[in-house]
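Colleague: Below is the structure I would like to discuss, written out as structure tokens.
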Amino acid sequence: MDKSEPNRELSPGLRMAVDFGPLAVFFLVNTLADGPKLLKVMMATTAFMVATAIAMIVSRVKAGRISPMLWISGALVLFFGGLTLWFRDDTFIKMKPTIVYTMFAVILGYGLVAGKPLLKMLLETAYPGLNDTGWRKLTVNWVGFFIFMALLNEAVWRTQSWDFWVGFKLWGAVPLTMLFAILNIPMLMKHGLSDGKDAPLPPGD
């Protein structure tokens, strides 16, 4: 692809497929797989990794780029998924969301202390018109949310079954993240946001 070709925006439906499709595949394969727990873990994790790689390719082909969020979350899925398959231990894939949430909380927290708009850089042009105060408040909010989600993921995977945790990722973590993003919009509108209906969500799956 010619590097001079401008980046394109994904349609809302395709963006949803790129963002949440791999997680849906992970859930479906685990649900449909028949056999002992280890077999389900291996099959679901393999499907998750393949679907994530496909999502990254689709983003590159259709949008002309892979967003920083997708690069980070995709690389960690492949890394921890690989460890899960190699060691035949589901602990690695279950810890992955905790590490992602914690990593982003630390990165964004550093940006706040250093006065660098890292969330703005991460989300690129997702929040048109948002002023510096809005970006700072949004960053503080997401740092707190990421810390909460890291602790919640740890509590769930350490106390619940594999199947419950897989379901929680799709039916718990995703709705919580979407709800939190929506709840931020009124505050952002007060700080210059012109259109936040299609704003992407930070990663954490």
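The values are calculated or read from the model by the stated rules, or taken from the named source; none is laboratory data. Worth saying up front: this structure is predicted, and the values here are computed from it rather than measured. Note that each Cβ is placed from the backbone with ideal geometry, even for glycine, and that neighbours are counted across all protein chains shown. Each accessible area value is taken on the protein alone, full model and side chains, heavy atoms only, with ligands, DNA and RNA left out. Shrake-Rupley method; radii C 1.70, N 1.55, O 1.52, S 1.80 Å.
Colleague: Consider Val58 carefully, then state whether it is of a type in the set (A, V, I, L, M), in a helix (DSSP H, G or I) and modelled with pLDDT of 95 or more.
Modeller: Details: of a type in the set (A, V, I, L, M): yes; in a helix (DSSP H, G or I): yes; modelled with pLDDT of 95 or more: no.
When the stated conditions are applied, Val58 does not pass them.
Colleague: Counting only residues that are touching a residue at least 40 places away in the same chain (Cβ under 8 Å) and surrounded by 19 or more Cβ atoms within 10 Å (Cβ to Cβ), which one in the range 56-67 is nearest to Leu122 (Cα to Cα)?
Modeller: Ser67
Quick grid of which residues meet (1) loosely packed, with under 13 Cβ neighbours inside 10 Å; (2) in a helix (DSSP H, G or I); (3) at pLDDT below 95:
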| position | (1), (2), (3) |
| --- | --- |
| Pro6 | yes, no, yes |
| Ala17 | no, yes, yes |
| Leu28 | no, yes, no |
| Thr45 | no, yes, no |
| Met69 | no, yes, yes |
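Colleague: Right, something else. Go through the range 156-177 and give me each residue that's surrounded by fewer than 16 Cβ atoms within 10 Å (Cβ to Cβ), more than 22 Å from Met42 (Cβ to Cβ) and either in contact with a Phe, Trp or Tyr (Cβ under 9 Å, 6 or more places away or on another chain) or modelled with pLDDT of 95 or more (or both).
Modeller: If the condition is that a residue be surrounded by fewer than 16 Cβ atoms within 10 Å (Cβ to Cβ), more than 22 Å from Met42 (Cβ to Cβ) and either in contact with a Phe, Trp or Tyr (Cβ under 9 Å, 6 or more places away or on another chain) or modelled with pLDDT of 95 or more (or both), then Thr159, Trp171 are the ones that fit.
Colleague: Something else now. Is it true that some residue in the range 182-192 is open to solvent by 20 Å² or more (accessible area, probe 1.4 Å) and either at pLDDT 95 or above or among the polar types (S, T, N, Q) (or both)? Spell out the reasoning first.
Modeller: Residues of the range 182-192 open to solvent by 20 Å² or more (accessible area, probe 1.4 Å): 182-183, 185-187, 189-192.
Narrowing the set further to residues that are either at pLDDT 95 or above or among the polar types (S, T, N, Q) (or both) leaves none.
Scanning the range 182-192, I find no residue that is open to solvent by 20 Å² or more (accessible area, probe 1.4 Å) and either at pLDDT 95 or above or among the polar types (S, T, N, Q) (or both), so the answer is no.
Let's see how each residue does on (1) among the hydrophobic types (A, V, I, L, M, F, W, C); (2) at pLDDT 95 or above; (3) not in a helix (DSSP H, G or I):
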| site | (1), (2), (3) |
| --- | --- |
| Asp89 | no, yes, yes |
| Ile107 | yes, no, no |
| Lys116 | no, no, yes |
| Gly129 | no, no, yes |
| Leu138 | yes, no, no |
| Phe146 | yes, yes, no |
| Ala150 | yes, yes, no |
| Glu154 | no, yes, no |
| Leu179 | yes, no, no |
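Colleague: Continuing with this model, one more query. In the range 71-95, which residue that is in contact (Cβ under 8 Å) with a residue 40 or more places away in the chain and more than 16 Å from Lys169 (Cα to Cα) is least open to solvent (accessible area, probe 1.4 Å)?
Modeller: Per the stated criteria, the residue is Thr84.
Colleague: List the number of the failed condition for Pro12; all other conditions in (1) out of contact with any Ser or Thr (no Cβ under 7 Å at 6 or more places or on another chain); (2) closer than 21 Å to Tyr101 by Cα; (3) open to solvent by 20 Å² or more (accessible area, probe 1.4 Å) hold.
Modeller: (2)
Colleague: Inside the range 30-39, can you point out the residues that are within 16 Å of Ser161 (Cα to Cα) and part of a helix (DSSP H, G or I)?
Modeller: Asn30, Thr31, Lys37, Leu38, Leu39
Colleague: Which of the residues that make up the range 108-135 are crowded, with 19+ Cβ neighbours inside 10 Å, aliphatic (A, V, I, L, M) and over 13 Å from Met69 (Cβ atoms)?
Modeller: Leu130 - this is the single residue of the range 108-135 that is crowded, with 19+ Cβ neighbours inside 10 Å, aliphatic (A, V, I, L, M) and over 13 Å from Met69 (Cβ atoms).
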